[in-house]
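K.L.:
Have a look at this one.
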Amino acid sequence: MRKVGIWIDQKEANLITLTSNAINTKTIYSDIESRIRIEGETKQFGRFGDQFLVDEKGKQNKLKEYTQRYLLRVIKELSKADEILLFGPAQMKLKIEKIILSMPELSVKLKDTQTSENMTHNQKLAYVKNFYKSK
């Protein structure tokens, strides 16, 4: 029985896997850049020759693409899980929950999604152990 807890935010995902005889942890780092700034660009305008333009849509699309790629890398790790717990401080856990719920083979494994604060590595381990101990 592989029970997985995922603490996730925009920077990284910590996967904590509990099996009957071991605890494994893995960290997946995201490549999401939330503040992309091009040389010569001010806060409102991007530089394009002697013209100025605002590339807000392009930045949003790039952010969406990086986020999707990051979440799919995390989901790839869940193929062998029997039970899944999502927790973390930010919106990222809700985004990955939405993807998991759209996949029938994973949605039955999702046990809970909880909001938690930033934690140390040991606190995350204890959180996952306590969650599955009470189930």
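The values are calculated or read from the model by the stated rules, or taken from the named source; none is laboratory data. Computed from a predicted model, the values in this text were never measured in an experiment. Backbone-built Cβ (ideal geometry, glycine too); neighbour counts: all protein chains shown.
K.L.:
Quick one: what pairs do we get from region 95-122, first residue closer than 21 Å to LEU18 by Cα and among the basic types (Lys, Arg), second in a strand (DSSP E or B) and at pLDDT 95 or above, C-beta under 6 Å, 6+ apart or different chains?
P.N.:
That search, which allows pairs on different chains as well, returns LYS109/GLU83; LYS109/ILE84; LYS111/GLU83; LYS111/LEU85.
K.L.:
Report, by residue number, each residue of region 81-94 that is crowded, with 17+ Cβ neighbours inside 10 Å, of a type outside the set (Gly, Ala, Ser) and either closer than 28 Å to SER20 by Cα or more than 16 Å from the chain's Cα centre (by Cα) (or both).
P.N.:
Taking region 81-94 first, the residues crowded, with 17+ Cβ neighbours inside 10 Å are 81, 83-88, 92-93.
With of a type outside the set (Gly, Ala, Ser) added as a condition, the list becomes 83-87, 92-93.
The answer is GLU83, ILE84, LEU85, LEU86, PHE87, LYS93.
K.L.:
Sticking with this one: Kindly list the number of the only condition in (1) modelled with pLDDT under 95; (2) of a type outside the set (Phe, Trp, Tyr); (3) in contact with a strand residue (DSSP E or B) (Cβ under 7 Å, 6 or more places away or on another chain) that fails for LEU85.
P.N.:
(1)
K.L.:
Kindly provide the set of residues from region 1-56 that are of a type in the set (Lys, Arg), at pLDDT below 95 and either touching a Phe, Trp or Tyr at 6+ places or on another chain (Cβ under 6 Å) or under 25 Å from LEU72 (Cβ atoms) (or both), ordered by number. Outline the logic, then answer.
P.N.:
As a first pass, look at region 1-56 and keep what is of a type in the set (Lys, Arg): 2-3, 11, 26, 35, 37, 43, 47.
When the remaining residues are screened for being at pLDDT below 95, the result is 2, 11, 35, 37, 43, 47.
Selection gives ARG2, LYS11, ARG35.
K.L.:
Among the residues of region 57-67, is any modelled with pLDDT under 95, closer than 23 Å to LYS11 by Cβ and of a type in the set (Phe, Trp, Tyr)?
P.N.:
The first filter runs over region 57-67 and keeps only residues modelled with pLDDT under 95, leaving 57-67.
Checking which are closer than 23 Å to LYS11 by Cβ leaves us with 58-67.
Next, from what is left, pick out any that are of a type in the set (Phe, Trp, Tyr): 66.
Scanning region 57-67, I find at least one residue that is modelled with pLDDT under 95, closer than 23 Å to LYS11 by Cβ and of a type in the set (Phe, Trp, Tyr), so the answer is yes.
K.L.:
Taking interchain pairs and intrachain pairs at least six residues apart, which have beta carbon atoms under 7 angstrom, with the first residue in region 70-84 and without any contact (Cβ under 8 Å) to a residue 40 or more places away in the chain and the second surrounded by fewer than 19 Cβ atoms within 10 Å (Cβ to Cβ) and not in a loop (DSSP other than H, G, I, E, B)?
P.N.:
Note: pairs meeting the criteria are LEU71/LYS95; LEU71/ILE99; ILE75/ILE99.
K.L.:
Would you point out the residue of region 68-80, among those that are closer than 16 Å to GLU12 by Cα and basic (Lys, Arg), that is farthest from the chain's Cα centre (by Cα)?
P.N.:
From region 68-80, those closer than 16 Å to GLU12 by Cα are 68-78; that's our starting set.
This time we only want the ones that are basic (Lys, Arg), so: 69, 73, 76.
On the way: ARG69: 10, ARG73: 9, LYS76: 12 Å.
Per the criteria, the residue is LYS76.
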